[in-house]
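To start, the structure under review is shown below, and the notes come after it.
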Amino acid sequence: MQKIIWVICLLACLGCRESTLEWGQNLLKAKNYEKAREAFSLSIQEDETHWEAYYGRAQCETAMNLSAEALADYEKAYIMHPTAETCTGLGKGYWDERNLEKAKSYLNRAIGMDADYADAYLNLGLIYAKEEEFPKALPYLLHAKGLYKQMPEELTMALMLVYFETGNDPACLEIIRSYKTSDTVRADAYEYQGRIYQRKKQYKQALKEFNAALDIDSLRGLSRLCRADTYKALEEFDKEILDRTEIIREMEATIDDAYLIGQSYYYRGIAKGNAGDNRGALQDFNKSLALTGPEAGAYFSRAIAKIHLHDLSGAL
């Protein structure tokens, strides 16, 4: 019934092709992606030659993680209306489909079409950052920053990452301060500041930042992992074990990667050994090896646990 009412409302709005398109665009701005996609689809049914409807629907599909559908719609929009905007969309479509070389090719083509199109620079910078080629990412991100009238948050977050990874702590801290003094509360800002303190071995200050990040988002895995490492540096092993236990629980519930889960058991085993719980450490090293397969570090650490348990032949 709700679906029927929605379609009736849309049909009532079909005074002309543009009204349906505008409705879709308004829903897209409101981040109501599912309803916006339906509106764009109706607009396409009315006129299959309207590129903006395909482009808008592709944006919805990108947000909904429908990468194959998004790429097909970006392609149609680009064929109908080959501009820097649609070319950038096609680049984003290929990026979501993990075809990074094609994505870069279309984004560079977009810059060739319009050297002032900020989104093309932003997305090239994001791709290089994703590939961990941070020095390559920075010029594109800075060029995009100079072109935007209002810097999008995606760009701010990318710059914070790149500044951190390239060791430009003052620039990274400037962005962190801007978040902390604004109405936008982000766990990322506290996490990055904690990582900067951690890198400087200022562990007590780092701990405060990671605690703040987890107060904002208790499921933030990287903050918890960094806090566990900080507890290790502070030799607060019981607290480290609690964090590593939570990491294992979350990973077992959310990911299907035996190697990563096995590594998490390994690090908890190290923490248990440091806390004097050698039997618990031995159990974790056994679990780690069962999940990851032969790992020299796990065998060595298991040997140490067996030495502490006076199992010298087992250690040998």
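The values are calculated or read from the model by the stated rules, or taken from the named source; none is laboratory data. Just so we're clear, the structure is a prediction, and the values are computed from it rather than from any experiment. Every residue, glycine as well, gets a Cβ built from its backbone with ideal geometry; the counts of neighbours run over all protein chains shown.
In segment 231-246, is there at least one residue being touching a Gly at 6+ places or on another chain (Cβ under 8 Å) and outside the structural domain of Tyr203 (by TED's automatic domain parsing)? It would help to see each step written out before you state the result.
We begin by selecting, within segment 231-246, every residue touching a Gly at 6+ places or on another chain (Cβ under 8 Å); these are none.
Checked segment 231-246: no residue is touching a Gly at 6+ places or on another chain (Cβ under 8 Å) and outside the structural domain of Tyr203 (by TED's automatic domain parsing).
Suppose the filter is surrounded by 15 or more Cβ atoms within 10 Å (Cβ to Cβ) and among the aliphatic types (A, V, I, L, M); does Ala158 pass it?
Against the criterion (surrounded by 15 or more Cβ atoms within 10 Å (Cβ to Cβ) and among the aliphatic types (A, V, I, L, M)), Ala158 qualifies.
Taking segment 227-313 as the region of interest, the helices (runs of 4 or more DSSP H) fully inside it that hold 2 or more residues being out of contact with any Leu (no Cβ under 8 Å at 6 or more places or on another chain) and of a type in the set (S, T, N, Q) are 237-254, 258-274, 278-292. When Tyr140, Tyr117, Tyr106 are checked against the criterion of being free of Cβ contacts under 8 Å to residues at least 40 places away in the same chain and either touching a Pro at 6+ places or on another chain (Cβ under 6 Å) or under 24 Å from Met64 (Cβ atoms) (or both), Tyr106 stands alone in meeting it. Within segment 249-265, residues that are surrounded by 12 or more Cβ atoms within 10 Å (Cβ to Cβ) have Cβ atoms under 8 Å from residues that are acidic (Asp, Glu) and in a helix (DSSP H, G or I) in these pairs: Ile261/Glu252; Tyr265/Asp284, counting only partners at least 6 apart in sequence or on another chain. Residues in segment 199-213 include none that are in a helix (DSSP H, G or I), of a type in the set (A, V, I, L, M) and within 25 Å of Thr292 (Cα to Cα). Mind checking whether some residue in segment 108-120 is buried (at least 22 other Cβ atoms within 10 Å of the Cβ) and either hydroxyl-bearing (Ser, Thr, Tyr) or outside the structural domain of Ala144 (by TED's automatic domain parsing) (or both)? No; the residues of segment 108-120 include none that is buried (at least 22 other Cβ atoms within 10 Å of the Cβ) and either hydroxyl-bearing (Ser, Thr, Tyr) or outside the structural domain of Ala144 (by TED's automatic domain parsing) (or both).
The requirement of being modelled with pLDDT of 95 or more, within 20 Å of Tyr117 (Cα to Cα) and out of contact with any Ser or Thr (no Cβ under 7 Å at 6 or more places or on another chain) is satisfied by Ala103.
In the condition set (1) modelled with pLDDT under 95; (2) more than 23 Å from Ala144 (Cα to Cα); (3) buried (at least 17 other Cβ atoms within 10 Å of the Cβ), Lys76 is compliant with all but (1).
Among the residues that make up segment 190-197, is at least one of them assigned to a helix (DSSP H, G or I), among the basic types (Lys, Arg) and in contact with a Lys or Arg (Cβ under 8 Å, 6 or more places away or on another chain)? Spell out how you get there, then give the answer.
In the first step, residues of segment 190-197 are kept if they are assigned to a helix (DSSP H, G or I); the result is 190-197.
Now restrict to residues that are among the basic types (Lys, Arg): 195.
In the following step, the residues that additionally are in contact with a Lys or Arg (Cβ under 8 Å, 6 or more places away or on another chain) were identified as none.
Looking for residues that are assigned to a helix (DSSP H, G or I), among the basic types (Lys, Arg) and in contact with a Lys or Arg (Cβ under 8 Å, 6 or more places away or on another chain), one finds none in segment 190-197, hence no.
Given Phe285, Phe300, which one is of a type outside the set (A, V, I, L, M) and in contact with a helix residue (DSSP H, G or I) (Cβ under 8 Å, 6 or more places away or on another chain)? Exactly one residue qualifies, and that residue is Phe285. For segment 44-59, the count of residues that are in contact (Cβ under 8 Å) with a residue 12 or more places away in the chain, closer than 25 Å to Ala137 by Cβ and touching a helix residue (DSSP H, G or I) at 6+ places or on another chain (Cβ under 8 Å) is nonzero. Can you confirm whether segment 133-144 contains a residue that is of a type in the set (D, E, K, R), under 20 Å from the mean Cα position of the chain (by Cα), surrounded by fewer than 18 Cβ atoms within 10 Å (Cβ to Cβ) and under 27 Å from Phe164 (Cβ atoms)? Scanning segment 133-144 turns up at least one residue that is of a type in the set (D, E, K, R), under 20 Å from the mean Cα position of the chain (by Cα), surrounded by fewer than 18 Cβ atoms within 10 Å (Cβ to Cβ) and under 27 Å from Phe164 (Cβ atoms). Being outside any helix (DSSP H, G or I) and either more than 20 Å from Arg186 (Cβ to Cβ) or in contact with a helix residue (DSSP H, G or I) (Cβ under 9 Å, 6 or more places away or on another chain) (or both) holds for only one residue in Lys104, Lys145, Lys149, and it is Lys149. Is it true that some residue in segment 164-172 is surrounded by 13 or more Cβ atoms within 10 Å (Cβ to Cβ), part of a helix (DSSP H, G or I), touching an Asp or Glu at 6+ places or on another chain (Cβ under 6 Å) and among the aliphatic types (A, V, I, L, M)? Scanning segment 164-172, I find no residue that is surrounded by 13 or more Cβ atoms within 10 Å (Cβ to Cβ), part of a helix (DSSP H, G or I), touching an Asp or Glu at 6+ places or on another chain (Cβ under 6 Å) and among the aliphatic types (A, V, I, L, M), so the answer is no.
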